[in-house]
Amino acid sequence: MRKSIFSRVYAFIIIAAILAISFSPQMQSYFLLPTNQRLSVGDEFNLPLVFPKKIVNNLKMQIHDESGLIESLNLSGAKEFNRSGKYTAKLSLFGLIPLKEIVVDVVPEIKVYPSGHSIGVFLRAQGVMVVGFSPVTNDVGMEVQPARDQGIQIGDIISKINNQPVGSDKELAELIDKYGSSDKQITLQVIRNGLKMDFYLEPIKCGDTDRYRIGLYVRDTAAGIGTLTFFEPDKGKYGALGHVIANVDIKEELKDGMGRIMSASIQKINQGKKGFPGEKIGSFSSNSSLSGVIMKNCNLGIYGVLDKIPTNTYYSEPIPVAYANQITPGTAHILTVLEGDKIEKFEIEIERVISHQRPNGKGLVIKVTDKKLIEKTGGIIQGMSGSPIIQNGKLIGAVTHVFVQEPTRGYGILAEWMIEEIGIIPEELVTDSVLSAS
């Protein structure tokens, strides 16, 4: 009996010891080593292990390229890569027992202008948005509401009439009048919460305007206010928002003219509070020096080419783009506009770098610490999406989401994912490997 109790106690002690070792800072530093690491040419590659010196001295790292082994070094030193390419770093104990393999992508240093400009975002191809109802007076003086009576709701996006795309409020009115005069019934294709649905209704000839109408107030659909994250100085490629434009019928490549961005001037801030996201209120200016086409709307933001390079930038020169392994928890800052078109810098804290199988808009956990920004906005608000995040003189990401119950905290996207999406990183140097937390 005593032997059985002793065996159980002994097993418990062994298990507890294993768990203690596994969750120790030393082992956690090993478990959190990345399986893929991206560096710029000239950057040093090292492994942030916190093992005792005696153990570190027995760890070896071998660097391989396509031709085989090119260098073997102790972990007390760092490897500097002076040319681009794909490498494999093999970590072993005594040079004999394999422990870890890390794929290292070395790419040319990439520099872009961090932006922070407020922009208005328009996607004409998504149709027009229903913003209200207006009774139609028929030929006998009775007020009727064909669209509302058939189930059309405020917020619906009308994308087609009789299978013909609608790009503006003017086109909608012209198509309704055209088909109303020749057809008894028209078909409206509507997008509601991302779902397509068809509505069948009969336009009424308005006694006041002598035109066929269906009783709606609509406006050209715009995604509203956002923030330009960066642009590169040679070809004018840009990235913005850091997340997909929701409730639209386009999430891939866009044809020229189907979407545009233009400068926005911030007129008012609605402060965010717990449970209630705030927002920037602004007006758009088509005559400004900042405008461009949208070529892609995807889960990592919107991307395209600027018509001309903005001159009112916060940074007078482009800055390097950082990769995930170069980001550290701690102080950083964002660029954004709170009034007019003035770009300002505000302090935040990087709380965490998140590991993902696939890139998305949640690569960083951030917290607003700047007292002025908190006083003005309450934290992260709508319209701030895309605000560039800078740390140690490098662009590391962009603001994407707010924690609704805690508006000073939210998510950010990694800048390397955005520049990869727009094609600034050469495609032959991009891998599908996992990016782990650093």
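Side notes on the structure shown:
So that you can scan it fast, the table gives a plain yes or no per residue for (1) over 17 Å from residue 148 (Cβ atoms); (2) of a type in the set (Gly, Ala, Ser); (3) surrounded by 14 or more Cβ atoms within 10 Å (Cβ to Cβ):
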residue: 170; (1), (2), (3): yes, no, no
residue: 177; (1), (2), (3): yes, no, yes
residue: 180; (1), (2), (3): no, yes, yes
residue: 185; (1), (2), (3): no, no, no
residue: 191; (1), (2), (3): yes, no, yes
residue: 199; (1), (2), (3): no, no, yes
residue: 204; (1), (2), (3): no, no, yes
residue: 207; (1), (2), (3): yes, yes, no
residue: 216; (1), (2), (3): no, no, yes
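- Those residues of region 385-427 which are in a loop (DSSP other than H, G, I, E, B) and at pLDDT 90 or above, in sequence order: 385, 386, 387, 392, 393, 405
- Filter pass, residue 289 being under 16 Å from residue 117 (Cα atoms) and either charged (D, E, K, R) or not in a strand (DSSP E or B) (or both): yes
Matching residues to (1) modelled with pLDDT under 90; (2) within 15 Å of residue 368 (Cβ to Cβ); (3) in contact with a Phe, Trp or Tyr (Cβ under 6 Å, 6 or more places away or on another chain):
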{"residue": "275", "(1), (2), (3)": "yes, no, no"}
{"residue": "311", "(1), (2), (3)": "yes, no, no"}
{"residue": "339", "(1), (2), (3)": "no, no, no"}
{"residue": "348", "(1), (2), (3)": "no, yes, no"}
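- Any hit, region 368-375, residues being crowded, with 17+ Cβ neighbours inside 10 Å, of a type in the set (D, E, K, R), modelled with pLDDT of 95 or more and within 22 Å of residue 274 (Cα to Cα): yes
- Entry remark, region 165-185: residues being part of a loop (DSSP other than H, G, I, E, B), more than 13 Å from residue 202 (Cβ to Cβ) and not small (Gly, Ala, Ser) number 1 in total.
- Complete set of residues in region 223-257 that are at pLDDT below 80, outside any loop (DSSP other than H, G, I, E, B) and more than 24 Å from residue 376 (Cβ to Cβ): 253
- Within region 89-107, considering residues that are in contact with a Lys or Arg (Cβ under 9 Å, 6 or more places away or on another chain), assigned to a strand (DSSP E or B) and open to solvent by 50 Å² or more (accessible area, probe 1.4 Å), the one farthest from residue 37 (Cα to Cα): 98
- For residue 154, the conditions (1) β-branched (Val, Ile, Thr); (2) open to solvent by less than 40 Å² (accessible area, probe 1.4 Å); (3) under 12 Å from residue 129 (Cα atoms) are fulfilled apart from (2).
- Count of residues meeting criterion [part of a loop (DSSP other than H, G, I, E, B) and of a type outside the set (Val, Ile, Thr)] in region 292-318: 11
- Boolean, residue 351 is part of a helix (DSSP H, G or I), among the acidic types (Asp, Glu) and surrounded by fewer than 23 Cβ atoms within 10 Å (Cβ to Cβ): no
- Considering only residues in region 319-331 that are over 18 Å from the mean Cα position of the chain (by Cα) and part of a strand (DSSP E or B), the one that is surrounded by the fewest Cβ atoms within 10 Å (Cβ to Cβ) turns out to be 330.
- Total residues in region 400-416, condition open to solvent by 10 Å² or more (accessible area, probe 1.4 Å) and in contact with a helix residue (DSSP H, G or I) (Cβ under 9 Å, 6 or more places away or on another chain): 2
- Test: residue in region 258-273 that is of a type in the set (A, V, I, L, M, F, W, C), open to solvent by 20 Å² or more (accessible area, probe 1.4 Å), more than 18 Å from the chain's Cα centre (by Cα) and modelled with pLDDT of 90 or more: yes
- Residue within region 287-308 that is open to solvent by 20 Å² or more (accessible area, probe 1.4 Å), among the acidic types (Asp, Glu), closer than 18 Å to residue 401 by Cβ and touching a residue at least 40 places away in the same chain (Cβ under 8 Å) present: no
- Filter result (of a type in the set (D, E, K, R) and in a strand (DSSP E or B)) within region 108-163: 111, 143, 160
- The set of residues from region 48-63 being out of contact with any Ser or Thr (no Cβ under 6 Å at 6 or more places or on another chain) and modelled with pLDDT of 70 or more comprises 58, 59, 61, 63.
- Only one of 67, 40, 22 that is hydroxyl-bearing (Ser, Thr, Tyr), open to solvent by 30 Å² or more (accessible area, probe 1.4 Å) and at pLDDT 75 or above: 67
- Within region 380-399, tally of residues that are over 25 Å from residue 316 (Cα atoms) and surrounded by 24 or more Cβ atoms within 10 Å (Cβ to Cβ): 2
- Taking region 111-150 as the range and being surrounded by 21 or more Cβ atoms within 10 Å (Cβ to Cβ) and among the aliphatic types (A, V, I, L, M) as the test, the residues that pass are 112, 119, 121, 123, 128, 130, 136, 147.
The values are calculated or read from the model by the stated rules, or taken from the named source; none is laboratory data. No experiment lies behind these values; they were computed from the predicted model shown. Please note: Cβ atoms are built from the backbone with ideal geometry, for glycine as well, and neighbour counts cover all protein chains shown. Note: areas computed on protein heavy atoms with side chains; ligands, DNA, RNA excluded. Shrake-Rupley method; radii C 1.70, N 1.55, O 1.52, S 1.80 Å.
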